[in-house]
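The values are calculated or read from the model by the stated rules, or taken from the named source; none is laboratory data. Since this is a predicted model, take the numbers as computed values, not measurements. Here the Cβ positions follow ideal geometry from the backbone for every residue, glycine too, while neighbour counts run over all protein chains shown. Side chains are part of the model used for accessible areas, which takes the heavy atoms of the whole protein and leaves out ligands, DNA and RNA. Shrake-Rupley method; radii C 1.70, N 1.55, O 1.52, S 1.80 Å.
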Amino acid sequence: EMNAVGGQEVMMTALQPKDIWEKTDRWDDKKVDNWFKTKLINGTELGVGLTHEEPIVDAVSKYVSSYKDLPFSVYQIQSKFRNELRAKSGLLRGREFLMKDMYSFCRDQDQHLEEYEKVVRAYFRVYDRLGLGDITYRTYADGGIFTPRFSDEFQTLSEVGEDTIYVDESKRIAINEEIMTDENLEKLGLDRNNLVEKKGVEVGNTFHLESKYTDALGLYYADEKGEKQSIIMGCYGIGVSRLMGVIAEIFADDKGLVWPENIAPYRVYLVRIGGEEAVKIADKLYDELITKGIEVLYDDRDVHAGQKFADSELIGIPWRVTVSDRLINDGVVELTARKDGQKTLLTAEQLLAKLS
RNA sequence: CGGGAUGUGGCGCAGUUGGUAGCGCGCACGGCUGGGGGCCGUGAGGUCGCAAGUUCAAGUCUUGUCAUCCCGACCA
């Protein structure tokens, strides 16, 4: 989805030089209190990346100089490090976490807002594809000190959430408790009477950065008249590892995890029960599935059927395919959906067709 | 940092008024069983987080220390 809105994938270093952070006045521990910092053997100080506005502006400055280069977006999926006072709730808040962060560069506010809304729509496609779209709300939140605008959080409703938000169900929009004042409600056109209090997990966040970072690091563009202009930046984050935690929390049942099909580590859990004939058929089916590009976890362990079934459910692979002596006699295999446990008997050909 | 709790075989835990450790799972071997974590037998595996101290004797008591977890501040 990031590629679809024009994002170009990059990978930045986690180790970061001090000087660029001093230019934006974010190096000092008094300004940013959750830095992990380290030193080279020669004493040079380094920061361990907690976000990447500074290094991306620094890197982009070698490629952007004209209005013709804009708009321009880059993103990465990378581990971030933040020295939180307290890590908690497993994947929901760790000091090291995986994040997708994208940065957009635009010539003016109009272009920026167009890009920004494009990314917001892409974010909802991401949440839809993960099966979270219905319970995830665009939520107004504090935009930070350097922008008059609100930022947008993407809050997935869950009792385990750390955030309190107020949802306007008819508008499919919410506002974070942190900024819920009469003044802000009026500004946003929200009516207190239509708001319902909910708990949410912040699974994404998008910010209007104005030209704070580009100006501070000296990144400008030349317009049609050759005049130097400020570049308007946006930044967009999705907490990838946190999202995994949310998905585990929301979809799991009493038997274990239930992974949505498009992010499951495997699509098929192949259970083999029985003797030589079953081994032969299962081996063949495994090869055929792999050849079709279908990821299969083959449970060829010498354990009881019940254990294989229980493990397949615990791990949460979307589809379980069972090959057994009994089924072979009928010329079929059994397909079981993890989501609802529904079972279907199919021939190998029908199975391959269905999963293709 | 404030408050609370926990560290004992690989994992999960028990261990009484101090007397040198036990259970379940897992593992190894043998056998039975064979579509929902099945059963029987035999066996391997532990400086009790670390360091001092009290004591004839410390998993157990005292002090210190380290680590982890939970609540709070903070935070994607």
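Within segment A:45-79, the set of residues being under 27 Å from residue A:229 (Cα atoms) and assigned to a loop (DSSP other than H, G, I, E, B) comprises A:51, A:52, A:61, A:62, A:63, A:64, A:65, A:70, A:71.
For segment A:47-97, the tally of residues that are within 16 Å of RNA strand B (Cβ to nearest atom), of a type in the set (Ser, Thr, Tyr) and under 25 Å from residue A:5 (Cβ atoms) stands at 3. Looking across A:204, A:218, one residue alone is more than 15 Å from RNA strand B (Cβ to nearest atom) and either in contact with a helix residue (DSSP H, G or I) (Cβ under 6 Å, 6 or more places away or on another chain) or assigned to a loop (DSSP other than H, G, I, E, B) (or both). It is A:218. Taking only pairs six or more apart or across chains, which ones have beta-carbon atoms under 9 Å, a first residue in segment A:284-307 that is more than 19 Å from residue A:264 (Cβ to Cβ), and a second residue that is of a type in the set (Ser, Thr, Tyr)? Within 9 Å, the pairs are A:300/A:286; A:305/A:322; A:305/A:324. Here segment A:169-186 is the region considered, the condition is being in contact (Cβ under 8 Å) with a residue 24 or more places away in the chain and assigned to a loop (DSSP other than H, G, I, E, B), and the residue that is farthest from residue A:133 (Cα to Cα) is A:170.
Listed here are the helices (runs of 4 or more DSSP H) enclosed by segment A:254-356 that have at least 2 residues being touching a helix residue (DSSP H, G or I) at 6+ places or on another chain (Cβ under 8 Å) and among the charged types (D, E, K, R): A:276-291. Across segment A:80-107, the number of residues qualifying as exposed (fewer than 15 other Cβ atoms within 10 Å of the Cβ), part of a strand (DSSP E or B) and basic (Lys, Arg) comes to 1. Does any residue of segment A:27-44 turn out to be in contact (Cβ under 8 Å) with a residue 60 or more places away in the chain and open to solvent by less than 60 Å² (accessible area, probe 1.4 Å)? Looking through segment A:27-44, none of the residues is in contact (Cβ under 8 Å) with a residue 60 or more places away in the chain and open to solvent by less than 60 Å² (accessible area, probe 1.4 Å).
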